[in-house]
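The values are calculated or read from the model by the stated rules, or taken from the named source; none is laboratory data. None of the values given here were measured: they were computed from a predicted structure. Neighbour counts are summed over all protein chains in view; Cβ atoms, including those assigned to glycine, are modelled from backbone coordinates with ideal geometry. Protein only, heavy atoms only, side chains kept; ligands, DNA and RNA dropped before computing areas. Shrake-Rupley method; radii C 1.70, N 1.55, O 1.52, S 1.80 Å.
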Amino acid sequence: MSDGLLNAPTALLFGFVAIACLAVALYKARSDLDDRTAPMAGLVAAFVFAAQMINFPVLPGVSGHLLGGALASMLVGPWVGALCVSIVLVVQGLLFADGGLTMLGANITNMALIGTAVGYLVAWSLRRFAVRSRTGLVITAGVAAWINTVAASFGFVVEYALGGAAGYGTGTVALAIVGVHCLIGLGEAVITAVTIAAVAAARPDLVHLLRSAKTSAPTAEEVR
């Protein structure tokens with residue numbers, strides 16, 4: 001979201017929402033960070049940054065791209081994952097003018113908070129299926145990634161309905177944003193599934209979802 005899409009009160013509201021939620025994520029992330037998670041978090045942030053640099057124009061001032069929330073949460077957990085995506089968005093806004101600085105709170109809310117949370121909740125709900133086989137893990141990752149992308153786009157629509165300032169009707173915005181992200185979600189599903197499967201095949205202990213599942217994490221042979 002570029003500057004000017006939301007009015008000032010709405011932008012401030014979601015700025016405060018983002019700050020409050022990230023403060024909670026920062027506090028909770030301390031229990032997830034260890035010798036395995038910390039280096040992985042850096043790699044996840046770099047991967048998400050590269051993926052998000054590929055933009056698809058949707059409306060003037062609005063672009064669509066891969067989110068990476070589900071991928072990040074499955075690899076490093078929802079709290080660290082939200083921080084990773086948030087850092088990516090801040091760097092993009094400050095250094096590459098990709099997303100308006102006044103819209104940073106809304107962008108973080110949509111992609112780093114809603115997207116990551118929804119992606120992880122979907123993956124967590126399917127965790128017993130995910131740990132049974134590599135196919136189960138791939139399907140779980142793909143479904144979580146698609147739903148994470150569409151959920152984040154709905155977040156955009158809600159924000160615009162509350163305080164849109166770009167002159168578009170909410171129906172037009174909803175149709176364009178959600179429709180495009182249903183398609184983008186398919187690409188994100190494939191990328192997420194392939195990446196998670198590759199990591200799990202070599203080092204299942206690096207996949208947070210597998211470690212945190214109630215059943216024991218499978219070995220590399222079991223995942224294959």
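Please work out if VAL194 is in a helix (DSSP H, G or I), surrounded by 18 or more Cβ atoms within 10 Å (Cβ to Cβ) and among the β-branched types (Val, Ile, Thr).
Working: in a helix (DSSP H, G or I): yes; surrounded by 18 or more Cβ atoms within 10 Å (Cβ to Cβ): no; among the β-branched types (Val, Ile, Thr): yes.
Taking the combined requirement at face value, the residue does not satisfy it.
Hey, among GLY179, GLY136, GLY187, GLY142, which residue is free of Cβ contacts under 8 Å to residues at least 12 places away in the same chain, open to solvent by less than 50 Å² (accessible area, probe 1.4 Å), closer than 29 Å to PRO204 by Cα and in a helix (DSSP H, G or I)?
Answer to the check: GLY136.
Mind checking which residues of segment 93-127 are surrounded by fewer than 18 Cβ atoms within 10 Å (Cβ to Cβ), at pLDDT below 90 and not in a loop (DSSP other than H, G, I, E, B)?
Correct list: LEU94, LEU95, LEU101.
Being at pLDDT 80 or above, in a helix (DSSP H, G or I) and over 25 Å from ALA166 (Cβ atoms), is that true of even one residue in segment 51-68?
no
When you scan segment 192-206, how many residues do you find that are under 20 Å from the mean Cα position of the chain (by Cα) and modelled with pLDDT under 90?
Start the filter on segment 192-206 by keeping residues that are under 20 Å from the mean Cα position of the chain (by Cα), which leaves 192-200, 206.
Imposing the further condition that a residue be modelled with pLDDT under 90 reduces the set to 206.
Summing the residues that are under 20 Å from the mean Cα position of the chain (by Cα) and modelled with pLDDT under 90 in segment 192-206 gives 1.
Among (1) open to solvent by 30 Å² or more (accessible area, probe 1.4 Å); (2) within 28 Å of ILE139 (Cβ to Cβ), there is one condition MET40 misses while meeting the rest; what is its number?
(1)
What pairs can you find where one residue is in segment 1-20 and more than 20 Å from LEU67 (Cβ to Cβ), the other is polar (S, T, N, Q), and their Cβ atoms are less than 7 Å apart, with a gap of 6+ or different chains?
ASP3/THR102; ALA11/THR102
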